[in-house]
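Data first, discussion second: the structure below is written as structure tokens.
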């Protein structure tokens with residue numbers, strides 16, 4: 001499996017709870033419906049914690065695909081999806097989103 005990780009910051013005019021609420025109630029269901037090659041979809045939120053440094057993003061999103069071909073095909077299908085793009089603009093700062101293809105290595109714990 002191939003994993004795409006995205007560092008997703010919220011819009012500057014939005015608080016963390018509104019960002020998370022929109023992502024979970026509006027965007028994630030929309031993405032699940034539209035991303036047909038997606039095998040797993042995980043959102044890891046980084047809530048602000050008093051006394052701790054501000055995280056570089058508000059969510060680390062994991063998008064799992066069967067292989068590189070599935071990732072490529074999904075990119076082709078969704079690059080011009082205006083509904084998905086418009087919704088992203090409602091809650092995330094797309095100019096600051098960073099995307100990485102990663103190879104996960106998990107340790108087997110005793």
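Values in this text are rule-based calculations from the coordinates and carry no lab data. The shown structure was predicted, so the numbers you read here are calculated from the model rather than taken from an experiment. Virtual Cβ from ideal backbone geometry, glycine too; neighbours counted across all protein chains shown.
Estimated from helices alone, the mean residue ellipticity of the chain at 222 nm is -9000 deg cm²/dmol (sum of -39500 (n - 2.57) over DSSP H runs with n ≥ 4, per residue).
For the peptides 99-106, 86-93, 3-10, 68-75, the ranking by mean Cβ contacts within 10 Å, running from highest to lowest, is 3-10, 86-93, 68-75, 99-106.
A straight chain from residue 34 to residue 99 at 0.36 nm per residue would run longer than the Cα-Cα distance by 21.5 nm.
Using C-alpha pairs under 8 Å with a sequence gap of at least 6, the mean separation divided by the residue count of the chain gives a relative contact order of 48 percent.
Only counting other Cβ atoms within 10 Å, I'd like 61, 54 sorted with the fewest neighbours first. Going from least to most buried by this count: 54, 61. At full extension, residue 85 and residue 107 could sit 4.3 nm farther apart than now, given 0.36 nm per residue minus the alpha carbon distance. Which shape class, rounded, prolate or oblate, goes with the chain when its Cα gyration tensor gives a ≥ b ≥ c as root eigenvalues, a/c under 1.5 marks rounded, and past that a/b bigger than b/c marks prolate? Taking the square roots of the gyration eigenvalues as a ≥ b ≥ c, the chain is oblate. The listed peptides 24-35, 40-51, ordered by packing as a protection proxy, come out as 24-35, 40-51 (highest mean of other Cβ atoms within 10 Å first).
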